[in-house]
Amino acid sequence: METKIKMCIECKERPVENKKRGLCNRCYQRLRDSGSILGHEPFEDLSMPTRAKIAHAREIEFIKNYFSHPNWVYRPALFRTDRFKYSPDFYDGERNVFIEVAGTRQAYSANKEKYDAFRAAYPKLNFEIRKSDGTLLNENSRDKNWPKQ
């Protein structure tokens, strides 16, 4: 019995190596780098001013829910505090504010010390922590109303 080799659904030239997606490694890598593999449209459709790679689907969700203008930067700068190196997720040039996207309660709790150190070291910089849906996180509330996963 002859076994038929499946070809990549994207390029149709190379054999499938990623069976889940039906792609060869080259096409899988290209689509993953463009953001398409996360189940979202490619980054070109997000009005993204930089071509930096966005690592998390929650950050892509945040971009869609929050930014209505192109004046923003992903991973704008690296700040040093006495104990940490920290890079906020976004800089909103329209509002002159650095934004951290905390997608889950666990992510917020794990990084709270880093956020506090950043605020203490750079008190004149505007800094917000937002959820992936774009809403501002009320850090003073015990019930932070995180979205269900």
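The values are calculated or read from the model by the stated rules, or taken from the named source; none is laboratory data. Quick caveat: nothing in here was measured; it's all calculated off a predicted structure. As a convention, Cβ positions derive from the backbone with ideal geometry for all residues, glycine included, and neighbour counts pool all protein chains shown.
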Report, by residue number, each residue of segment 69-90 that is assigned to a loop (DSSP other than H, G, I, E, B) and within 15 Å of ASN126 (Cβ to Cβ). ASN71, PRO76, ALA77, PRO88, ASP89
Taking segment 6-21 on its own, how many of its residues are surrounded by fewer than 11 Cβ atoms within 10 Å (Cβ to Cβ) and at pLDDT below 80? 2
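Kindly indicate whether any position in segment 72-84 is polar (S, T, N, Q) and free of Cβ contacts under 8 Å to residues at least 40 places away in the same chain.
No.
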Considering each of ALA121, ALA102 in turn, give the residue that is surrounded by 15 or more Cβ atoms within 10 Å (Cβ to Cβ) and touching a helix residue (DSSP H, G or I) at 6+ places or on another chain (Cβ under 8 Å). ALA102
